[in-house]
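Notes follow the structure.
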Amino acid sequence: MELHEIIQTAHAAEKIIDRHSPIPMYYQITKQIREKIEMGEYNLHNALPPERELVETYQVSRMTVRQAILELVNEGILIRRKGVGTFVAPPKLEQELSGLTSFTEDMAKRGMKAGARVISFGETMPDASVCEALNLHPHEHVYKCERLRLADDEPMALETTLIATSVCPGLRREDLENSSLYTLLADRWKVRLGHATQTLEPFLASPFEAKLLHVSSGSPLLLMHRVTFDQDGHAFEYVKSFYRGDRYKFVTELHRKSGR
Ligand code: 16G
């Protein structure tokens, strides 16, 4: 770059980045990038300018640019594609928290294809908390199945499901590969969904979850625990799920209680 170009670039960067502001420079850059996405300057189909170009535009260090990008990746606004570049992420999937639905139904509602890859399957003795949640007798066995859930082939969630063997005797690993557990339970064992209790909390991906979910280790995930009951009020399923924080947004409708 010629000297006059360097000076011009530095002047332009000064206008958009306030070096004297208490707001950190990386944070100011995230704001600029968000605005460019809103204006359509950066879109779903084109990669963001490479790091070195952003370094020149904003006249900051490579580390500052990286921090800004990481922030937006963690928020789910940008997405990194290995060896290709950084892109604007597709909109997050909005998931209602009030209805009792299956992953397969949730995807179908959006016109997406649900998938399930079985990571592990086996019969085991549950620990005390699962025994209590499912109201099991001592020594009662459960099937434990870990499944990676996919939406149009993209990994979205990692689910570990525990069900008493007495609920669905003879359940096999291959029954769960790319099919709906709830449909199977209803069709083969006449289990009818009633209600569920569910908790939701933040969690940072360990290298294990990160690899399966195609995110970086330490990325934000949403950890859900669900106990599902049948129509007679018997708890039949205990599930621990990790949902990608960069691909999901949870929605609830709130009603003011009468008498307030
Ligand atoms: C949802 C449920 C999970 C259930 C699964 C059945 C949460 C946190 N989890 O993912 O408890 O086992 O649906 O889906 O919502 P399937 O019928 O498609 O296998």
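Just so it is clear, none of the values below were taken in a lab; they were calculated from the coordinates. Since the model is a prediction, treat every value here as computed from it, not as a measurement. Neighbour counts are summed over all protein chains in view; Cβ atoms, including those assigned to glycine, are modelled from backbone coordinates with ideal geometry.
Structural remarks
- Sorted into 10 angstrom bins from 0, the C-alpha pair distances of the chain split as 6, 24, 27, 18, 13, 8, 3, 1 percent.
- Whole-Å distance, taken between Cα centres, linking the range 52-104 and the range 200-260: 20
- Backbone amide hydrogens, once placed in the peptide plane, bring Thr165 within less than 5 Å of His141, Val142, Tyr143, excluding anything fewer than 5 places away on its chain.
- Above-threshold pairs, the threshold being 28 Å between Cα atoms, out of Lys109/Lys240; Lys36/Lys109; Lys36/Lys211; Lys190/Lys211; Lys109/Lys190; Lys36/Lys249: Lys36/Lys109; Lys36/Lys211; Lys190/Lys211
- q = 0.20, 0.21 Å⁻¹, the range 17-138: log10 I(q)/I(0) [Debye, one scatterer per Cα]: -1.13, -1.20
- The stretch between Glu75 and Ser217, if pulled fully straight at 0.36 nm per residue, gains 49.7 nm over its current Cα-Cα span.
- Candidates Ser180, Ser21, Ser206, ranked by Gaussian network fluctuation over the chain, Cα under 10 Å, top entry: Ser21
- Each Lys and Arg adds +1 at its Cβ and each Asp and Glu adds -1 at its Cβ; summed about the Cα centre, the range 151-260 shows a dipole of about 500 debye.
- For the range 17-60, the spherically averaged projection of the C-alpha convex hull amounts to 3.2 nm².
- Gaussian network model of the chain, springs between alpha carbon atoms under 10 Å - residue of Ala133, Ala116, Ala157 with greatest fluctuation: Ala133
- Between Leu204 and Asn43, residue separation times 0.36 nm minus the direct Cα-Cα distance comes to 55.2 nm.
- When +1 charges are put on Lys and Arg Cβ atoms and -1 charges on Asp and Glu Cβ atoms, the dipole computed for the chain relative to its Cα centre reaches about 160 debye.
- For the range 219-229, the Karplus equation 6.51 cos²θ - 1.76 cosθ + 1.60, evaluated at θ = phi - 60°, returns couplings of 5, x, 10, 10, 9, 10, 10, 10, 10, 10, 10 Hz by residue, with Gly and Pro reported as x.
- Under the Debye formula (equal points on every Cα, no solvent term), log10 I(q)/I(0) of the range 213-260 at q = 0.13, 0.14, 0.19, 0.26 Å⁻¹: -0.56, -0.62, -0.83, -0.95
- Rg(Cα) / (2.2 N^0.38 Å) computed for the range 156-197, rounded to two decimals: 1.19
- Rg in Å to one decimal, and Dmax rounded to a whole Å, for the range 128-211 via C-alpha atoms: 14.6, 41
- Integer Hz, Karplus 6.51/-1.76/1.60 couplings in order for the range 82-92, x for Gly and Pro: 3, x, 10, x, 10, 10, 6, 6, x, x, 5
- Kirkwood-based shape ratio for the range 86-180, expressed as Rg/Rh from alpha carbons: 1.05
- Translational D in µm²/s for the range 95-238 (Stokes-Einstein at 25 °C, 0.890 mPa s, Kirkwood Rh from C-alpha pairs): 154
- Cα→Cβ-extended label distance, 7 Å offset, between Asp187 and His137, nm: 3.1
- Taking the square roots of 5 times each eigenvalue of the Cα gyration tensor of the range 65-134, largest first, gives ellipsoid semi-axes of 33, 19, 15 Å.
- Under a 5 Å amide H cut-off, with hydrogens placed 1.01 Å from N, Gln95 pairs with Lys249, Phe250, Val251 among residues at least 5 apart or on other chains.
- GNM result for the chain, Cα springs below 10 Å: residue of Leu213, Leu97, Leu134 fluctuating most strongly: Leu97
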